[in-house]
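Down below is the structure, laid out as structure tokens.
The values are calculated or read from the model by the stated rules, or taken from the named source; none is laboratory data. This one's a predicted model, so the numbers in the text were calculated from it and none came from an experiment. Counting neighbours? That spans all protein chains shown, and the Cβs are built from the backbone with ideal geometry, glycine included. In case anyone asks, the SASA skips ligands and DNA or RNA and just uses the protein heavy atoms, side chains included. Shrake-Rupley method; radii C 1.70, N 1.55, O 1.52, S 1.80 Å.
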Amino acid sequence: MTPGRWILLGLVVVAVLVAVVVTTRVPQPGPNDQIEGAGETPPAVVVVQLTVDSVDPGRGVMRVRIGLQPGSLAVPADGVAVFSNIGTVPVIRVRTDGIVPDTTAEIPLLTGDVVDYPFDKYTAQIVFGAVAGSETTLAEAQQKAALPVAVNGFVSTAGFDISASAVNEDDLARVDLGVERWRSTRVWVTAMMVLYWLLGASAIAVALAVSLSDRPWESRHLAWLGSMIFALAAFRTAAPGSPPIGTFFDYVSFFWAEGLVALALVEMIVFYMVVSRRRLAA
Amino acid sequence: MIAMMLRRTTSQRVLIGVVLGCVLLAVAVVLLRPRGPTDHQFAGPTELDDRELGVDVVVESVDAARQVARVRINTLAGATAVPAEGVALFTSIGSLPRIQVFPGSAVREVTADVPFATGDVVDYPFDRYGGDLIFVAVTDASTTAEQFLDRPAVPLVVRASNTAVGFSASGTITEVPTGFAPLEDLTLGMTRTPPVRHWVTAMMAIYWLVALGIVGVVLAVALRVRRWETLMLALTTSVLFALTGFRAAAPGTPPIGTFFDYASWFWAEGLVATCVVVLVVHYLATRREALGL
């Protein structure tokens, strides 16, 4: 068999292996993942089902869905008012005989900045407290004894690992959330940074080799470098989570690669214009 | 005509064959494409009794990235279903806790975003979503959520339809007996339609085949099975660009970072970008004579 056919055969084997691996990794439906570190649900009158639906680092907020379920302790006959530190959902009223619809809210991320992409980490804090009487106002709540409340955390957001530590103090449930990018995201974006540098360095190296007459001048180099500028910009859209321009990733690799390729292109154009026709043809 | 065909060159015969094939394919597509009204209903009875209040839930669209379904709820009352004081229809939708239905204006239409309880767009194109919608209706349109235990229940029929592009819907409606009015629980399941799944699977295969094709070409050049051509640099770079453009063909505009990306697109981009670097290294590290320059 010729070497070309050996290469083709190898590629076919790789393609079959890829198909097998991808087929075995096809996602299966299932319930939402429980937040890591959420632990066991302690005895409580009301259990808050907290689901993190999405994280928007650009706006510095996290969207959560809050549902309430009865806990292992008896709910008072006049219902329960559940207070939280979420500005848009200050109170959820629970009657023993009514439907409590799920509520969605955006909570601000306390620390962290998308500018650190892909190594950005965030924290958020949510506090829940419950008192007897579904019609209790916040002013009245401070005069009443707090009822035990527990929190169950779930994740249904893409691209982020979320950890939680729940603390029960004075029957208030405080949930400290930690958010960071998936490891696969960090690995892929790191690989992209390496590739950006390799591509930028390649462009400079070829331009230098041509201008030092180690390689012959070819106008195809101009086509290659010109298309490379576009290709690098398009390649950036492969960064998961669509980060805004101006993150760590950009300053460390993307901007440098674009700059290096543009520089190489300009250098080749100058070489083409300055050098004599005879030397170009040599 | 056959004699004329035989007198043509090979390229001309190929061209005629391709044109004929395209025409036949176009005719087949036009003839086989489904037309006319389609029954979108996937759950609930088709008929409505005079005493019943019908609730038509239409899934209009699915925003997978936000994990919500846009639903339209139409109430359609039977002839004697709505008493003079009207009907209050309570739902489990946070933004739509109560719908008031009055006699004489029995058809009422509202829309709301319903969050899914399960499912994640990260599994695209194999993402599946699930959720529940609960309805209960009582007499007197002015009834509040705190009062509805004391009101007589109105018989309710829930029917569900799907008009969301790119999604198939399934569901069951169960009556949940309670101490007061019975609840109608619509359990909703949404998946991508088979054509979407098949096309995205084909895209994954195309990504891998194109990337492996480029790897093969670069290996052949680097191992000197084929001779060096500077045009290879432009080819690999333009493929790097094209792979990104091709992703826009994924239906539903999935966000970056789904199963589809991790299983194919990222790999293809990474392999082709590496090929550009390998070509440059080969170009610079090999002697000019060996390159044939």
Probe 1.4 Å, all chains present, heavy atoms only: residue B:187 accessible area in Å², nearest 10, is 60
Whole-number percent relative contact order across chain A, with pairs defined as alpha carbons under 8 Å at least 6 apart: 18
Calculate the mean, over all residues of peptide B:225-235, of how many other protein chain Cβ atoms lie within 10 angstrom of the residue's Cβ. 4
Residue among B:33, B:224, B:70 with the largest mean-square fluctuation in a Gaussian network model of chain B, springs linking Cα atoms under 10 Å: B:33
Calculated Rg and Dmax of the stretch B:41-192 using C-alpha coordinates, Å: 15.6, 50
If amide hydrogens are placed 1.01 Å from N in the peptide plane, which non-local residues have theirs closer than 5 Å to the one on residue A:160? A:182
Shielding of A:194-203 by other chains, given as the mean Cβ count within 10 Å, works out to 4
Nearest 0.05, what FRET efficiency do residue A:72 and residue A:256 give at R0 = 56 Å with Cβ-Cβ as r? 0.45
With a 1.4 Å probe and all protein chains left in place, how much accessible area per residue does the stretch B:41-192 have, in Å²? 40
In the stretch B:49-102, taking the dipole from +1 charges on Lys and Arg beta carbons and -1 charges on Asp and Glu beta carbons about the Cα centre, the listed residue (B:88, B:68, B:102) farthest towards the positive end is B:68
Values of log10 I(q)/I(0), in the order q = 0.07 Å⁻¹, for the protein assembly as shown under a Debye, Cα-only, solvent-free model: -0.61
Crossing angle, helix A:3-24 versus chain A [Cα axis fit, 0-90 degrees, rounded to tens]: 10
Please compute the per residue accessible area over the stretch B:196-291 with all protein chains in place, 1.4 Å probe, rounded to a whole number of Å². 41
Leaving out ligands, DNA and RNA, calculate the buried accessible area for the pair A and B with a 1.4 Å probe, summed over both sides, in Å² to the nearest 100. 5000
Loop trypsin sites (Lys or Arg not before Pro), the stretch A:47-130 (other Cβ atoms within 10 Å of the site Cβ: 13 or fewer; DSSP): A:59
How large is ³J(HN,Hα), in whole Hz, for each residue of the stretch A:229-237 in order, when computed from phi with the Karplus curve 6.51 cos²θ - 1.76 cosθ + 1.60 and θ = phi - 60°, using x for Gly and Pro? 4, 5, 4, 5, 5, 5, 4, 5, 5
Give, rounded to the nearest 20 debye, the magnitude of the charge dipole that the stretch B:55-121 has about its Cα centre when Lys and Arg contribute +1 at Cβ and Asp and Glu contribute -1 at Cβ. 100
Percent accessible area from carbon and sulfur atoms, the protein assembly as shown, protein chains only, probe 1.4 Å: 62
Any residue on another chain or 5+ positions along whose placed amide H is under 5 Å from the amide H of residue B:228 is listed here as none
Given a 1.4 angstrom probe, what's the average accessible area per residue across the stretch A:174-267, in square angstrom? 39
Compare B:92, B:238, B:11 in a GNM of chain B, Cα atoms joined below 10 Å, and give the one with the largest fluctuation. B:11
Distance from the stretch A:131-167 to the stretch B:29-91 (C-alpha centre basis), Å: 36
Helix hunt in chain B: which complete DSSP H runs extend at least 27 Å axially by C-alpha with mean Kyte-Doolittle at least -0.5? B:10-32, B:194-222, B:266-285
For peptide A:223-235, what's the mean number of Cβ atoms from other chains within 10 Å of each residue's Cβ? 6
Loop-resident GluC sites (Glu not before Pro) in the stretch A:128-209 with no more than 16 other Cβ atoms inside 10 Å, DSSP not H/G/I/E/B, are A:135
Considering chain B as a Gaussian network with a 10 Å cut-off on Cα pairs, which listed residue, B:277, B:58, B:23, attains the greatest mean-square fluctuation? B:23
Amide hydrogen neighbours beyond the local backbone of residue B:120, cut-off 5 Å, H modeled: B:128
If one computes the Cα centroid of the stretch B:210-236 and of the stretch A:172-195, what distance in Å separates the two points? 36
